[in-house]
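Inspection log for the structure reproduced underneath, given as C-alpha cells.
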Amino acid sequence: MNKPKKTAVVATAGALVAIGFLVLATLACSGMAGNVTNPPGRAQLTVKMHDDPGEDSQIAQANVTFSAMQAHSAGGGDVPVSGSFPMSVDLLTLVNGRTITLAAESIPPGSYDRLDVTISAVSLTLTNGTKVDITLPAGGRTAMIPTSFTVELGQPVTVTLDFRVDLSFKFDGAEFEFEPEIEIEGIEHGIEGDH
C-alpha cells in the first residue's frame with residue numbers, strides 16, 4: 001500500500017536533481033559560474049615580472065617592496081594598475097622561468113608608452129650573511145619603463161618585465177647603490193576568454 005508514495009518521492013527527488021543541473025548549466029552559459037568580465041569599454045592589462053640570472057655572486061637575496069604601478073597613455077595621463085600592493089618579493093627567486101603577477105587591471109583602450117613602478121623598500125642579504133638596508137627617498141623610487149603597446153577591446157594584454165638585479169645594485173667600495181633597471185621582456189595580446 002505504501003509503494004506508490006515511495007515511487008512518487010523518488011520521482012520528485014529525481015526531478016529536483018535535474019532542475020539543479022539545468023540551473024548550473026544556465027549559470028555556466030551566462031558567465032555567472034566564475035568567468036570574470038571587464039567593465040564596458042575596458043580591457044585587461046596584466047603585468048608579470050621575472051629576473052634573468054645575473055653574474056653578481058655577492059647577493060644572496062634581493063628583497064624589493066613594490067607599492068604602486070601606473071600605465072602612461074601615449075596621449076597623456078596616467079592610469080593606475082592595481083595589484084596586491086605593497087608586495088614584497090625576493091627577486092632572486094624569480095629565475096628559471098618563474099614569474100609573479102605584479103599587477104592586473106581593466107584599463108581604457110588606447111596606446112601606452114610607459115609603465116611606472118614605485119618601489120618603497122629594498123634590502124639585501126649578501127652571500128656572507130650580511131644584511132644591507134638601502135635607504136630610499138621619501139615616497140620611494142619610481143622606475144619609468146619605456147614601452148609601446150596598444151590595448152583594444154576584447155584583446156587582453158600581458159606585459160612581462162625583467163628586473164635586472166645584476167645592473168640595479170652597484171657596490172662602490174663602501175656601500176650599495178640602488179638604481180632599478182627594469183626592461184620589457186615581452187608583450188602578448190590575447191583574445192578575451194582564452195585560457
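The values are calculated or read from the model by the stated rules, or taken from the named source; none is laboratory data. Nothing here was measured: the structure is a model prediction, and the numbers come from that model. In this analysis, Cβ positions are derived from the backbone assuming ideal geometry, glycine residues included, and neighbour counts consider all displayed protein chains.
So that you can scan it fast, the table gives a plain yes or no per residue for (1) of a type in the set (Gly, Ala, Ser); (2) more than 23 Å from residue 75 (Cβ to Cβ); (3) at pLDDT 95 or above:
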{"site": "102", "(1), (2), (3)": "no, yes, yes"}
{"site": "125", "(1), (2), (3)": "no, yes, yes"}
{"site": "148", "(1), (2), (3)": "yes, no, yes"}
{"site": "155", "(1), (2), (3)": "no, no, no"}
{"site": "159", "(1), (2), (3)": "no, no, yes"}
{"site": "166", "(1), (2), (3)": "no, yes, no"}
{"site": "178", "(1), (2), (3)": "no, yes, yes"}
{"site": "186", "(1), (2), (3)": "yes, yes, yes"}
{"site": "190", "(1), (2), (3)": "yes, yes, no"}
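Kindly list the number of the only condition in (1) surrounded by 15 or more Cβ atoms within 10 Å (Cβ to Cβ); (2) modelled with pLDDT of 95 or more that fails for residue 59. It is condition (2) that residue 59 fails. Of the residues 168, 111, 120, the single one that is more than 20 Å from the chain's Cα centre (by Cα) and in the same structural domain as residue 57 (by TED's automatic domain parsing) is 168.
Counting only residues that are over 23 Å from residue 120 (Cα atoms) and part of a loop (DSSP other than H, G, I, E, B), how many does segment 137-173 have?
First, pick out the residues of segment 137-173 that are over 23 Å from residue 120 (Cα atoms): 148-158, 173.
With the extra rule that they be part of a loop (DSSP other than H, G, I, E, B), the set shrinks to 153-154, 156, 173.
Total meeting the criteria: 4.
Each residue in segment 171-195 was checked for being more than 30 Å from residue 40 (Cβ to Cβ) and either within 17 Å of the chain's Cα centre (by Cα) or among the aromatic types (Phe, Trp, Tyr) (or both), and 6 of them qualify. Enumerate the pairs (first residue in segment 78-97 and free of Cβ contacts under 8 Å to residues at least 40 places away in the same chain and more than 15 Å from residue 142 (Cα to Cα); second residue anywhere and loosely packed, with under 13 Cβ neighbours inside 10 Å and β-branched (Val, Ile, Thr)) with beta-carbon separation below 8 Å, excluding pairs fewer than 6 apart on the same chain, so at least 6 apart or on different chains. Note: no pairs meet the criteria.
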